[in-house]
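Below is one structure, written out as structure tokens, with a few remarks after it.
What follows is calculated from the coordinates using simple rules that are stated; it is not laboratory data. The shown structure was predicted, so the numbers you read here are calculated from the model rather than taken from an experiment. Cβ coordinates were reconstructed from backbone atoms using ideal geometry, including for glycine residues, and neighbour counts include every protein chain displayed.
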Amino acid sequence: MNNYEILFIIKPDLKEEDLKNVIKAINDSVAKNGGTVSKEDNWGKKQLVYPVKKSKEGYYYKLDFTAPANAIEKLEAGHRLNADILRTMVTKR
């Protein structure tokens, strides 16, 4: 098991309930792929330096977790399919 950190930028026009559902789906996908979440940080809505998918703002959400190495590819593929996630970045700690 390796330690990872993943940063998400989520669409800014989501309602509070929809944002919580996206975050829950992210956490569930980590657990589904054999990982465990150790820390969650919701950084809130921030201005983007340049537009991403026509959005000038986004909700930043950071997640620290442990998972097997083969789970990262599956997680990234699932996050690309989610239309509410603008960008992700996975870093091995």
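Data for the structure
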read-out: Gyration tensor (alpha-carbon) shape descriptor, the chain, a/c threshold 1.5; value: prolate
read-out: Segment 16-93, relative contact order [Cα under 8 Å, separation at least 6], %; value: 30
read-out: Entries of 15/54; 15/56; 11/45; 32/74; 24/92 with Cα pairs more than 20 Å apart; value: 24/92
read-out: Partner aspartates and glutamates for residue 62 [C-alpha distance under 13 Å; skip if fewer than 8 residues away on the same chain]; value: 5, 40, 41
read-out: Segment 37-58 residues near the modelled residue 90 label - backbone nitrogen below 15 Å, point 7 Å along Cα→Cβ; value: 37
read-out: Shape call, segment 39-93: gyration tensor on alpha carbons, a/c limit 1.5; value: oblate
read-out: Inter-site label distance for residue 5 and residue 42 at 7 Å from Cα along Cβ, in nm; value: 2.1
